[in-house]
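The values are calculated or read from the model by the stated rules, or taken from the named source; none is laboratory data. Worth saying up front: this structure is predicted, and the values here are computed from it rather than measured. We place every Cβ from the backbone using ideal geometry, glycine too, and count neighbours over all the protein chains shown. Heads up: the accessible areas ignore ligands, DNA and RNA and are worked out on the full protein's heavy atoms, side chains in. Shrake-Rupley method; radii C 1.70, N 1.55, O 1.52, S 1.80 Å.
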Amino acid sequence: MQAVKAVNQGIAPVTYGQGDRPPRGDYASARADYTCDQNWSAYTPQEHDLYRRLYERQAAQMHGLACDEFIDAVGHLGAPQRIPRFDQLSETLHRRTRWEVVAVPGLIPEEAFFGLLAQRKFPVTGWIRKPEEFDYVVEPDVFHDLFGHVPLLFNPMFADYMQAYGAGGLKASRLDACELLARLYWYTVEFGLIRTAQGVRAYGAGILSSAGELRYSVQSPEPSRVPFDLRRIMRTRYKIDTYQATYFVIDSFQQLFEATSPDFTPIYRAVRELPQIDAGVVLEGETRIAIE
Ligand code: PHE
Ligand code: FE
């Protein structure tokens, strides 16, 4: 496919907040749909080693903090010693849930992002962070995208939710409702918690790939944990530079899928009339979910 040079430079989707810097990554080599080649042989031994260290740090603390669906599927990523080859991973994933992973240069515009999800293609950033970003990286890199997002794509219900989200995103673009829908992504796909018989566990990719937030989100008495509520989420602003002040807790992936199945058109309209809620604010009378 043709490379589009002029179009795909310096555009970060509002889904991920915005900064002053243009996004990292080689956008000149991307195709019209923003996908590119992974160029696996260009990873250095140091980069593979950095991936391994990131993987091992998270795997060592995931028990009792990550949900079982994640723990059961993370092995599908393959041996932690090497950054996975996307084509091989896609083969395994496609057999399970008909999803694939595709390489992208980094953050992509939201319509392109939604379009890929709607086709059951998960965009994964090709590059890995610098060693000095071991603890924190501003933009999603290959470790966040793979380790955080891909294991849950092996879960049939969550996989369907992600596709529905993509289709819903294309619709939200036409309704000028992307900001409201982005909050749903943020508070579920990136920072969602789930209630289990063993207690609250993490399923959001931003949590699962974070060294500190995994434990914080599940065990710290500091943040608020409130039950999943679609309208409440769409009204709630979020922080992109600190741990979350509020987490929304689902009971099951089925609940998440069903609660988001209705047509959002009237919901967007209703939510726009309601006051926005700042991150961390707990409303009067709102249930708070206890840890353990
Ligand atoms: N039901 C939503 C709509 O009609 C689409 C959607 C599904 C959005 C799942 C997000 C998640 O717009
Ligand atoms: Fe992410």
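Points worth noting:
- Once backbone amide H atoms are built at 1.01 Å from N, residue 104 has 36, 124, 125, 126 as its partners under 5 Å, excluding neighbours fewer than 5 places away on the same chain.
- Tensor-based shape of region 126-210 (alpha-carbon gyration tensor, a/c under 1.5 rounded, otherwise prolate or oblate): oblate
- Accessible area per residue, Å², the chain with all protein chains present, probe 1.4 Å: 46
- Per-atom-type breakdown for the chain gives carbon and sulfur 49% of the accessible area (1.4 Å probe, protein chains only).
- Overall form of region 49-155 per C-alpha gyration tensor (a/c, 1.5; a/b vs b/c): oblate
- For the chain, the relative contact order comes to 17 percent (Cα pairs under 8 Å, sequence separation of at least 6).
- Estimated FRET transfer efficiency when R0 is 45 angstrom, pair residue 290-residue 32 (beta carbons, to 0.05): 0.35
- All Cα-Cα distances of the chain, cut into 5 Å bins from zero to the largest, leave 1, 5, 12, 17, 19, 19, 14, 8, 4, 1, 0, 0 percent in each bin in turn.
- With a simple spin-label model that places each label point 7 Å from the Cα along the Cα-to-Cβ direction, the separation between residue 277 and residue 239 comes to 1.7 nm.
- Most mobile of 147, 264, 113 in a GNM of the chain (Cα contacts under 10 Å): 264
- Based on C-alpha pairs under 8 angstrom that are at least 6 apart in sequence, region 192-292 has a relative contact order of 36 percent.
- Length-normalised contact order for region 63-138 - Cα pairs under 8 Å, 6+ apart - percent: 21
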